[in-house]
Amino acid sequence: MTGSQPFQYKPYEQGVLGTLSVKWELELITPLMIRATHPSATMQSMPKKKGRGTHVEIAWENADEKRKEKINGHEKYSQLTDFNYSFEVQNHQVVPTYHVPASSIRGTLRNAAIKFLVEMDDRRAFSLKIKDSQTMEEVKAQIIKAHDILREQRDGWHDILTLFGSAFDPLPGETPPLTWAGRMRLDTAVHPSSTSSTIDCVDTPVSTYPGTIRGHVMVRNPIDRVSMASREGGLHFSLEMSQGEKFGINMRILNPCAGDIRMLNIWREDISEGYIRFGGLTSQGRGRVKIVKENYQLYVSRSSSMYPIFEAMKKPDLAKDTLMEGIWRGMAFMTITELNKLDINLLKQTEGE
Amino acid sequence: MAHNMNPFDFVPFPAEKPVLKTIAEWLKSGSLLTGWIESQITALTPVHIVGRQEADGSGRKIIRSHFYRRHGQAYIPASSIRGMLRAFIEAVCNGWAAQLTTYFKKEPEKHQIGFQVLDSREELEKKECLNLIDPEFRENHFALPDGFSMPQKLKEEESEDMKVDLASFLFGYIPPKGDGFHGRISIEDAAISPGNLSFNGDTFRIPDIQSDAFMGGGKPSASSWWYQKAYKIRLNRNNMPEFIGSGYRGRKFYYHQDPKKCLEWYFDESKWPRDTRRPLYSCPIECLEEKTSSEPFRIYFEGLPAELLNLLLFTFSPGKRIRHKLGYGKAYGYGSIAFTLHNGQLRTDTGKTDLAIKQMVPDIHISLLNKDKRERPKWCEFLHLSSLAAMAKILCFEPESTIIFSYPPFSTNAQFPGFLPSVRRGKLNAALIAQQKNALDQDNEFLIDDAGAKLIAKKLASKNVRPALHFEVYRETSKDYLTIEKRTLENAL
């Protein structure tokens, strides 16, 4: 690599001095749509006749087979795009369960951070164009630019990539790679519905349905601009998680820094204003949430200069009566305002350690 | 006696190609703004969004049509609001025509003549049904004018060749093949409070015929000059004349009218003939009542150039009299709506600021009225003014108007019944000039231009033979045609 010095980053050069656990419970203000890769099937009892939304049945097992069934030459079942599901082992049985994929939430938060913190011209600094549409010189110039951005801590790229990780290594072996694991782990959990798990307008009980959410079938029926009738082949059904449902996000950030706290504040603000939405069809208002519960727990290591500050604060030690007692100290913050008051930059190694 | 105006009309496709720009070029239309606008939808006439529809045992008659709900909560779906606004922008800004059915193959009782709306040969061959397209329309003569179809695949977003229309820039586009791109506008569902919904003692109704099909269901046929322009007259195997149309007239929009008066008209037997095989009935529909509003909902915009925010505000509230139509039963007067824009917010690097919507909207209307083009702000350049003028004729909302718009009544002639009755050769001959008659005798067909087609349609209509053959002739001989013609853009704004 020619030009300026390459950027080098080692996330845990001084070890792990602290960890921040962030728990948000989110309630859907608008429906959430995250597609499953495999479709389910739905049924309208009287195909090609008048009437709709009555006697609807969802067939979840053998969906592919069912979609071959016909009545009077018309397909009996229409394809239904299912909500994202996975399989879990419960009571020695494999059962399907709906869930909100962590990758989807993580991607949304990363994109939101980029939009807020990075100048428009630099937003694609760490993504290459479609294969073969860039010359070798252009790729090399982009690599130099990427190193410059990180070294100079220009924009918010430095904070974003150290938190989420980086896999920018377009010319392996030729230039210093910008690859490291992120400091944040994120997982999600759908909270069991407070009401019984039902699909709106579906009359027939479906025994094998992964019924862990309250949902509804969204119908998309685009209108032809010339006939003002339904566009042929445009009718689509998809299952959405209904408004009012809740899911949780748990973030664990190692060696949290001021940039992370700043990002948390941005995300909270933008979630509350509706700028950050999760899942698909956000252009139709899907995926707007509100944070109904939040909890922050910061654990600091004995070798951190923040440890004595924690000791001086009169808050209960979360590490007490655990194996970590005396080695780490943990403190809970019920609001982000409390967390903001903390000078997180003090989370560094004590002198002489 | 002259007939009523047809309930819909077309905003013609302009002679010039749609306005296309790269994303980078659209982005140059002002500083980029992110924020939201809070709005409510007010019903100017009752609004019905189809939810659950109960049908009778035959499946040919709807007993009751409920408003769209999710878990008991009624909504006007965001997709309906978006679709309506996008269709408006496509039309008045000379953009592509989205969401088109790409071909209509020959099907008994549906389409006598198969035709392609846009080049669909690849798909038709794949499905082995190219033979169901009339030979006349297999290779060329697509119904959509050249340049108005959306691309099947987009070039790379940063490429200089990747040009899109304004509506796609605003609302996004996912082509059938390859990657799409996000739009810049996001619209939420508009919730409806239960107190504003009712069947009004079952007086909110729409007319329908007891049949598998819905009355008024759009059928852009190539065997009439209704949706498509006149192209040819030819004789079929039974020596019966076929009036072949080719080339869509434009984008369809419905006129505003009073649904109560319209319904009364349809149920007056002296005005709308009865077909005993497909009796007329009416179905109660649950509506957002007139003069009531939805709950407030937000329209978000992200990275929207300032000039295009002005255009968006104009689109919500296009002048004093242009109003949108939304939902079901538009042909019968339902679904006239107005947006009320309450407030808004701009998000900046340093925080949030209020968007002075209430001052911005009147300024937008005033600026468009400025006769000196040079004095008009930049966003006005995005409008295709003759298309907007055509739109103003259709979407001009005049609450005091008594005009009734209704579909052409079907023929009760026992031999040639229906909405598109056949015409006997002898009756057609009487409307042709000698040269045309000879061509038909010798070649079984002749090409025809629009002026010639109108002349034939007028002659036939004067004898009450297929009066709804030619869309423009039917419109021009309607009793309220001149009143509609007097509607101008200036008055509508």
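Laboratory data are not the source of any read-out in this text; all were calculated from the coordinates shown. Since we're looking at a predicted model, the values are computed, not measured. Every residue, glycine as well, gets a Cβ built from its backbone with ideal geometry; the counts of neighbours run over all protein chains shown.
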Amide H of A:E57: which non-local residues (sequence gap of 5 or more, or other chain) have their own amide H closer than 5 Å, using H built in the peptide plane? A:M43
Relative contact order for the stretch B:342-383: what percent, with Cα pairs under 8 Å and sequence separation of 6 or more? 24 percent
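Given charges of +1 on the Cβ of Lys and Arg and -1 on the Cβ of Asp and Glu, with all other atoms neutral, how large is the dipole of the protein assembly as shown about its Cα centre, in debye to the nearest 20? Each step should come with its number before you reach the end.
Working: 112 positive and 103 negative charges, 510 e Å.
The dipole magnitude comes to about 2460 debye.
Output the relative contact order of chain B, whole-number percent, from Cα pairs under 8 angstrom with separation of 6+ residues. Could the numbers behind the result be given before it?
Numbers: 976 pairs, mean separation 131.6, N = 493.
Rounded, it is 27 percent for chain B.
For every other residue with a beta carbon closer than 9 angstrom to the beta carbon of A:T175, add +1 if it is Lys or Arg and -1 if Asp or Glu, then tell me the sum. The partial results should precede the final answer.
Values: positive: A:K140; negative: A:D169, A:E174.
Net charge around A:T175: -1.
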Based on alpha-carbon centroids, what's the gap between the stretch B:48-62 and the stretch B:115-146 in Å, whole number please? 34 Å
Take B:D146 and B:T483, extend 7 Å from each Cα along the Cα→Cβ direction, and tell me the distance between the two endpoints in nm. 4.2 nm
Rel. contact order, % - alpha carbon contacts under 8 angstrom, at least six apart, chain A: 28 percent
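Kindly identify the stretch B:269-420 as rounded, prolate or oblate by the Cα gyration tensor criterion: order the square roots of the eigenvalues as a ≥ b ≥ c, call it rounded if a/c is under 1.5, otherwise compare a/b with b/c, prolate if a/b is larger, else oblate. Numbers along the way, then the final one.
On the way: a/c = 3.14, a/b = 2.05, b/c = 1.53.
Prolate, because a/c is 1.5 or more and a/b exceeds b/c.
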With each run of n ≥ 4 DSSP H residues scored as -39500 (n - 2.57), what mean residue ellipticity at 222 nm is computed for chain B after dividing by its residue count and rounding to the nearest 500 deg cm²/dmol? -6500 deg cm²/dmol
Please work out how much length the chain gains when fully extended from A:T198 to A:R302, using 0.36 nm per residue of separation minus the C-alpha to C-alpha distance, in nm with one decimal. 32.5 nm
How far is helix B:450-462 tilted, in degrees, relative to the longest principal axis of the Cα atoms in chain B, given as a value from 0 to 90 rounded to the nearest 10? 60 degrees
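Going down the table (A:K115/A:K246; A:K70/B:K106; B:K320/B:K454), which pairs top 30 Å between alpha carbons? Before the final figure, lay out the partial values.
Details: A:K115/A:K246 26 Å; A:K70/B:K106 22 Å; B:K320/B:K454 35 Å.
Among A:K115/A:K246; A:K70/B:K106; B:K320/B:K454, the Cα-Cα distance tops 30 Å for B:K320/B:K454.
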Would you mind checking which residues have amide H under 5 Å from A:H216's amide H? H placed 1.01 Å from N; only 5 or more apart, or other chain. A:D200, A:E240, A:S242
Dimensions (Å) - the stretch B:155-206, Cα atoms, principal axes, largest first: 58, 22, 18
So for R0 = 25 Å, FRET eff. of A:D121-A:E273 from the Cβ-Cβ r, to 0.05, ends up at 0.50
Helix B:434-443 vs. chain B, principal-axis angle (Cα, 0 to 90°, nearest 10): 80 degrees
Describe numerically, in nm with one decimal, the distance between label points set 7 Å from Cα along Cα→Cβ at B:E54 and at A:E232. 3.5 nm
Charge context of B:A230, other residues only, Cβ under 9 angstrom, K/R +1, D/E -1: +1
Alpha-carbon centroid distance for the pair the stretch B:164-211 / the stretch B:350-377, whole angstrom: 27 Å
For the protein assembly as shown, count the residues as N, evaluate 2.2 N^0.38 Å, and divide the Cα radius of gyration by that value, please. 1.09
Arranged by the count of other C-beta atoms within 10 angstrom, fewest first, what order do B:K378, B:K28 take? B:K28, B:K378
Just checking the output field for A:273-285: average partner chain Cβ neighbours within 10 Å of each residue's Cβ? 5
Estimated vicinal HN-Hα couplings, Hz - the stretch A:215-228 in sequence order (Karplus 6.51, -1.76, 1.60; Gly, Pro = x): x, 7, 8, 8, 10, 10, 9, x, 9, 5, 5, 9, 8, 6
With a ≥ b ≥ c the root eigenvalues of the C-alpha gyration tensor of the stretch B:303-345, is it rounded (a/c under 1.5), prolate (a/b larger than b/c) or oblate? prolate
Which one of A:G18, A:T37, B:Y254 is farthest out on the positive end of the charge dipole of the protein assembly as shown, using unit charges on Cβ (Lys, Arg +1; Asp, Glu -1) and the Cα centre as origin? B:Y254
Working from Cα positions, state the angle (0 to 90°, nearest 10) between the long axis of helix A:102-117 and the longest principal axis of chain A. 60 degrees
Label-to-label distance, nm, for residues given as A:L346 and B:K427 (7 Å Cα→Cβ offset): 9.5 nm
In whole Hz and in residue order, list the ³J(HN,Hα) couplings for the stretch B:371-384 that follow from phi through the Karplus curve 6.51 cos²θ - 1.76 cosθ + 1.60, θ = phi - 60°; x for Gly and Pro. 5, 7, 4, 5, 7, 6, x, 4, 4, 5, 5, 6, 7, 9
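Using a Förster distance of 22 angstrom, determine the FRET efficiency expected from the C-beta separation of B:D450 and B:E490, and round it to 0.05. Kindly include the intermediate steps, with their values, before the conclusion.
Numbers: r = 28 Å, r/R0 = 1.29.
It comes to 0.20.
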The answer for B:E295, listing residues at least 5 apart or on another chain whose modeled amide H is closer than 5 Å to its amide H, is B:A191, B:I192, B:S193
Within-13-Å neighbourhood charge of B:S294 [Cβ basis; K, R +1; D, E -1]: -3
